[in-house]
Amino acid sequence: MTSRIPPTESADAEVDIDVVIVGAGLAGLSCARYLAAGGLAVRVFEAEAEVGGRVRTDEVDGFRLDRGFQVLLTAYDEVWRLVDRDRLALGRFEPGSRIWQGGAFHDLPDAFREPGRIGAALRSPVAPLADKLRVARMRSTALMGADLGEPSDDGRRSTLDELRARGFSERFIDGFFRPFLGGVFLDRALSAPASLFQYLFRCFASGDATIPAGGMGRLPEAIAEPLGDAVTTGIRVRAVGPDSVELENGSRVRARRVVIATEAAAAAALTGEASPSSTRAVTAWFAARTAPIERPVLLLDGAGEGPVNHLAVVTEVAEGLAPEGWSLVAASGSEPFTGPVETFVPRALEQMKRWFGADVERWGHLKTHEIPHALPSVDRSSAPTPGFRVGSDGIVRVGDHEAFAAIQGALRSGRRAAEWILAEESD
């Protein structure tokens, strides 16, 4: 699926191409697919051994571990422009969640998606009836339009301001919205723009949260496959210009256009721009002979005990993630977890013992993923952008940091940049 530039290639070799893309994450792959479909010759260079950027899956002792806990929302239409849904063999989470409060777990079902559980939803002690009615009203409003659109206002109101303005109680905000959206935004302070919250709420309300069989890394692999040898992995770009890139082996590749599609910090290092702020994510992966819960449901820390904000037994959701007879548990912390990463696992296990009892002591720790730049921080004072940016140097920048922090944002950024380049080339 990918190729490598031979190490014997001459350091002064030059290759002419229409567009060179630096980075084979979702935005770069999306951009490459649309450019290739438009008839341009494209080359994508990726420093890592595999495509996907932050959406990758590692194999450890027969287990498949995503780079941090991630889900794919079926409402993300940009995905299905590029990938056949059946190809991913999606496993689905239960609508709703299970929340730890008052020393016990309580279900909060989504009765709109599972009408048979409306009684359980009404009886759930997690939220007062008035808050449940507010959710119903917000959901009805959110789904009135057929087009999901995208975050569109100026972002000056935060998600927390929006929830309070809608009348939600502090009890429900703290017990549900902080842990749930803390997992989505990696920020329990709920400082993300209200427009992004409204958009993602519509996505969750109108589709399923899923994981592909074999892990999230299957998504970029499926997007990259039609590009064939146009994607080169395992070689780093060390310098960029408006009409060429220089590779770590000294080769220079010339192009009429250069696109930077790395994560924000790496893009800033290449261009000399200031590195934007980002949020950190930590996920610890555990192997268990017995699943702590035999349901494909998201578990949330509604008590704010930490350090685990949310947990899932992902083998209850998707196939191909663990050897036969084993369960795979993902325990994730989000901001404001600020301690050293090595303290996360022992603290998480103590928390899990309160949740599930002594059986947790038999879990085996597989790996901890610390992702320093998991999501770009969102500046609420920023105006909406077209989803990509052309710098004064003529280099095109794409990525979720140029659009909005979601898989949908990254893919849309790549598509819109490609459409702009194709239009410029046709003039």
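Couple of notes before you dig in:
- Restricting the stretch 175-233 to residues that are farther than 18 Å from TRP80 by Cβ and acidic (Asp, Glu), the residue that is nearest to the chain's Cα centre (by Cα): ASP187
- Counting only residues that are more than 28 Å from the chain's Cα centre (by Cα) and either in contact (Cβ under 8 Å) with a residue 40 or more places away in the chain or within 14 Å of PHE204 (Cβ to Cβ) (or both), the stretch 106-122 holds 0 of them.
- Test: residue in the stretch 39-46 that is β-branched (Val, Ile, Thr), surrounded by 14 or more Cβ atoms within 10 Å (Cβ to Cβ), modelled with pLDDT of 95 or more and outside any loop (DSSP other than H, G, I, E, B): yes
- Qualifying residue in the stretch 336-353 (condition: in the same structural domain as THR210 (by TED's automatic domain parsing), part of a strand (DSSP E or B) and not aliphatic (A, V, I, L, M)): no
- Residue count for the stretch 391-408, restricted to those that are at pLDDT 95 or above and of a type in the set (A, V, I, L, M): 4
- Taking the conditions (1) more than 21 Å from the chain's Cα centre (by Cα); (2) farther than 24 Å from PHE176 by Cα; (3) not aromatic (Phe, Trp, Tyr) in turn, PRO292 satisfies each one other than (2).
- Within the stretch 275-289, being more than 17 Å from GLY182 (Cα to Cα) and in a strand (DSSP E or B) holds for TRP285, PHE286, ALA287, ALA288.
The values are calculated or read from the model by the stated rules, or taken from the named source; none is laboratory data. These numbers were taken from a predicted model, which means no experiment stands behind them. Note: ideal-geometry Cβ built from the backbone for every residue, glycine included; neighbour counts use all protein chains shown.
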